[in-house]
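> Below: one structure in structure tokens.
The values are calculated or read from the model by the stated rules, or taken from the named source; none is laboratory data. Since we're looking at a predicted model, the values are computed, not measured. Positions of Cβ are generated from backbone atoms using ideal geometry, with glycine treated the same way; all protein chains shown enter the neighbour counts. Note: areas computed on protein heavy atoms with side chains; ligands, DNA, RNA excluded. Shrake-Rupley method; radii C 1.70, N 1.55, O 1.52, S 1.80 Å.
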Amino acid sequence: MSTAGAPYEGLGEPIRGPRALTGDWSRFLHLTYNIARNQFKLRFFGSSLGYAWQLVRPLMLFGVLYVFFTQISHISVGQGKSGRYDGTQLLGCIVLFTFFAEATSGAVRSVLDSEGLVRKIAFPRMVIPASVVLLATFNLTLNLIVVFVFGLIEGVRPMLSWLELPLIVALLMVFATGLAMLLSAGFVYFRDLQPIWEVVLQVLFYASPVIIPLTLIQKNLSSTLLHVYMLNPLAVVLQQFRHAVVNPDAYGAGYWIGGTTRLLVPVGIVVAIFGLGLVVFNRVAPRVAEAL
């Protein structure tokens, strides 16, 4: 029998590995949760301070930036009435960006670091980047508790708009998950992706309203450029967090982008990135074991 045209002469079609997702959603969720939970426990195993170390990085960054901007440079890092809840606005934005950075940078090498599992066990490959994002979500939950405690001490009072927080976090999680899929799939073939993404994260930190308030950006950009700037999903998430959770005097993301309906554009960008990430990861997943 002729074997002409077969990818591997005389061996037939190559065996394809598991895809990104399967129809067994219960197994997918169970695996994702257990991997993230185990990684969360192992991260601080044997540590005297345990989970408290998870709070050190955002708090140290917050302390340095808060002292520099408010005490040395006398620049308000918040938005709304001058000096109102500046610390909580800054800390909250740092915590949200830290989640985004942790979820995406941790996902870059996630497939490669799971090479032993990938080669030996058949499971939906999407579990790998999803567990990284879920692990970052565990850390975000702890850090947000600290933000709320700090906010109450600073004078922030409970508001009905706090109900927006799950939607704000969900949008950020979808955005991070889409990028996590793209980065983890791309790193299988392009190992320079890790240092490149580290640089991109640094750019995004200063190109998003984490420490630079939109009131200051407004003074240096035309209204058109400001609206373009607000197409960044991170800018929308951070500004809406300031408005809905910390300080109602700070304008919401809809104001800064030029109208509430225009928020559909950055939301559409998030959905598009998630969809692209799912398609790309799903194409790479069956061949990932042989590519590592």
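> Quick check on packing: order 224-233, 126-135 by the mean number of other C-beta atoms within 10 Å, highest mean leading.
126-135, 224-233
> Please work out how much length the chain gains when fully extended from LEU117 to LEU231, using 0.36 nm per residue of separation minus the C-alpha to C-alpha distance, in nm with one decimal.
37.2 nm
> Relative contact order of region 235-292: what whole-number percent is it, with Cα pairs under 8 angstrom and at least 6 residues apart?
Working: 25 pairs, mean separation 11.5, N = 58.
Reported as a whole number, the value is 20 percent.
> Once both labels are modelled 7 Å past Cα along the beta-carbon direction, what's the VAL203-VAL267 spacing in nm?
According to this spin-label approximation, the distance is 2.8 nm.
> Still on this structure, I have one more. Which order do the peptides 144-150, 174-180 take when ranked by the mean count of other beta-carbon atoms within 10 Å per residue, highest first? Working shown, then result.
On the way: 144-150: 16.7, 174-180: 25.3.
Sorting 144-150, 174-180 by mean packing, highest first, produces 174-180, 144-150.
> If I take R0 = 25 Å and measure r between the Cβ atoms of VAL149 and ARG57 in this structure, what FRET efficiency does the formula 1/(1 + (r/R0)^6) give, to the nearest 0.05?
Given R0 = 25 Å and the Cβ-Cβ separation, E is 0.90.
> For region 140-205, with every protein chain kept in place, what is the accessible area per residue (1.4 Å probe, Å²)? Please list the in-between numbers first.
Values: 3400 Å² over 66 residues.
About 52 Å² of surface per residue is accessible.
> Fully extended, how many nm does the chain gain between LEU163 and GLN39 (0.36 nm per residue separation, minus their Cα-Cα distance)?
41.7 nm
> Here's another thing I want to ask about it. Per-residue counts of other Cβ atoms within 10 Å, averaged by peptide: what ranking do you get for 249-258, 99-108, highest first?
Taking the mean over residues of other Cβ atoms within 10 Å, the ranking is 99-108, 249-258.
> Please compute the per residue accessible area over region 243-286 with all protein chains in place, 1.4 Å probe, rounded to a whole number of Å².
Each residue of region 243-286 exposes 47 Å² on average to a 1.4 Å probe.
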